[in-house]
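The values are calculated or read from the model by the stated rules, or taken from the named source; none is laboratory data. These figures come from a predicted structure and were not determined experimentally. Glycine also receives a Cβ, built like all others from the backbone with ideal geometry; neighbour counts cover every protein chain displayed.
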Amino acid sequence: MQIDAIHLDHFLSFDTFVWEGLDPHLNAIVGPNGVGKTNLFRALRAVYDALSPEGAQASARWAAAGHQGANANAITIALDIQFTTAWEQRLLCVFFASVLCDQQEIQKVGTVMQRSVDHDGLKRFDAWVLEQVRPEDIAWFLRGRLVMTHAGRSGWQCRYEARPGEPGFRLDLTNWGTLLGHAEHHQETATQNWGALFGAWYNSLTEQERDQLNNGLTGVTPEGEFPVFH
């Protein structure tokens, strides 16, 4: 994982701080005493605490970390990151495939179209998605912004989302909620298409592609043909 930028709001000695364009190999921090060099590393430690299994307990140490005595609830730490190694990218492909195959979301679509989703169709779809998803298909997901906000007694609230100006998505890392995304694959489909990943992808398909997907999921086409993955 590579950190491209650091954004701090109301954290320790920083009211607002932005460091963009970090070098992927070596960065030097130079300055007189008291300007906040050490607090940059404390911010990275806070990120580690927020994402650790003991995050709730570890967050207590940051309860008084607000800028100049400000309420800790105002603290926001954001890292622009990208996943650059092959194993990270492959792991995220597997994660992405598992989220896209959310059976509850697939069943919702089946209910709307008043057709029963076939168990074997789901299995074929799962295998097909896992085979189809490649790092180049989810390049937009491999670079984003990791955001931590302090929520008082609740500790850190964490999410991973798109950087400003890039294709939108949001993943709740605190409660492991639904991965939300925006899909726009064809000019003839809606341009505003936010929702759970499977629903967003489904709504972005053409009518012909939806029919192909529906037939594969409901067993109308037992060979399990599905639309080309975009």
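Results, tabulated for the structure shown:
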{"read-out": "First in region 98-109 and within 13 Å of F125 (Cα to Cα), second anywhere and outside any loop (DSSP other than H, G, I, E, B) and at pLDDT 85 or above, Cβ under 6 Å, 6 or more apart", "value": "L100/V129; C101/D126; C101/V129"}
{"read-out": "Matching residues, region 1-16, being of a type outside the set (D, E) and either at pLDDT 95 or above or closer than 24 Å to L92 by Cβ (or both)", "value": "M1, Q2, I3, A5, I6, H7, L8"}
{"read-out": "Subset tally (residues that are touching a residue at least 40 places away in the same chain (Cβ under 8 Å) and either surrounded by fewer than 19 Cβ atoms within 10 Å (Cβ to Cβ) or among the aliphatic types (A, V, I, L, M) (or both)) for region 135-144", "value": "5"}
{"read-out": "In region 53-71, the residues that are part of a helix (DSSP H, G or I), touching a strand residue (DSSP E or B) at 6+ places or on another chain (Cβ under 9 Å) and modelled with pLDDT of 75 or more", "value": "W62"}
{"read-out": "Of residues in region 1-55 being of a type in the set (K, R) and exposed (fewer than 15 other Cβ atoms within 10 Å of the Cβ), the one nearest to L173 (Cα to Cα)", "value": "R45"}
{"read-out": "Selection count where residues are under 12 Å from L213 (Cβ atoms) and modelled with pLDDT under 85, scope region 106-126", "value": "4"}
{"read-out": "Count - residues of region 117-171 that are of a type in the set (V, I, T) and in a helix (DSSP H, G or I)", "value": "2"}
{"read-out": "Residues of region 102-139 satisfying the condition of being hydrophobic (A, V, I, L, M, F, W, C) and more than 22 Å from E161 (Cβ to Cβ)", "value": "I106, V109, V112, M113, V117, L122, F125, A127, W128, V129, L130"}
{"read-out": "Top-ranked residue of region 125-134 - restricted to ones that are touching a helix residue (DSSP H, G or I) at 6+ places or on another chain (Cβ under 7 Å) and closer than 26 Å to N175 by Cα, ranked as surrounded by the fewest Cβ atoms within 10 Å (Cβ to Cβ)", "value": "L130"}
{"read-out": "Matching residues in region 111-135 - criterion: being farther than 30 Å from T85 by Cα and of a type outside the set (G, A, S)", "value": "T111, V112, M113, Q114, R115, V117, D118, H119, D120, L122"}
{"read-out": "Subset tally (residues that are of a type in the set (A, V, I, L, M) and not in a strand (DSSP E or B)) for region 6-27", "value": "3"}
{"read-out": "Single residue of region 72-105 satisfying the filter (acidic (D, E) and modelled with pLDDT of 90 or more) that is surrounded by the fewest Cβ atoms within 10 Å (Cβ to Cβ)", "value": "E88"}
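Conditions tested, residue by residue: (1) closer than 23 Å to I6 by Cβ; (2) outside the structural domain of T76 (by TED's automatic domain parsing); (3) at pLDDT below 90.
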site: R134; (1), (2), (3): no, yes, no
site: V147; (1), (2), (3): yes, no, no
site: R159; (1), (2), (3): yes, no, no
site: L179; (1), (2), (3): no, yes, yes
site: A190; (1), (2), (3): no, yes, yes
site: T206; (1), (2), (3): no, yes, yes
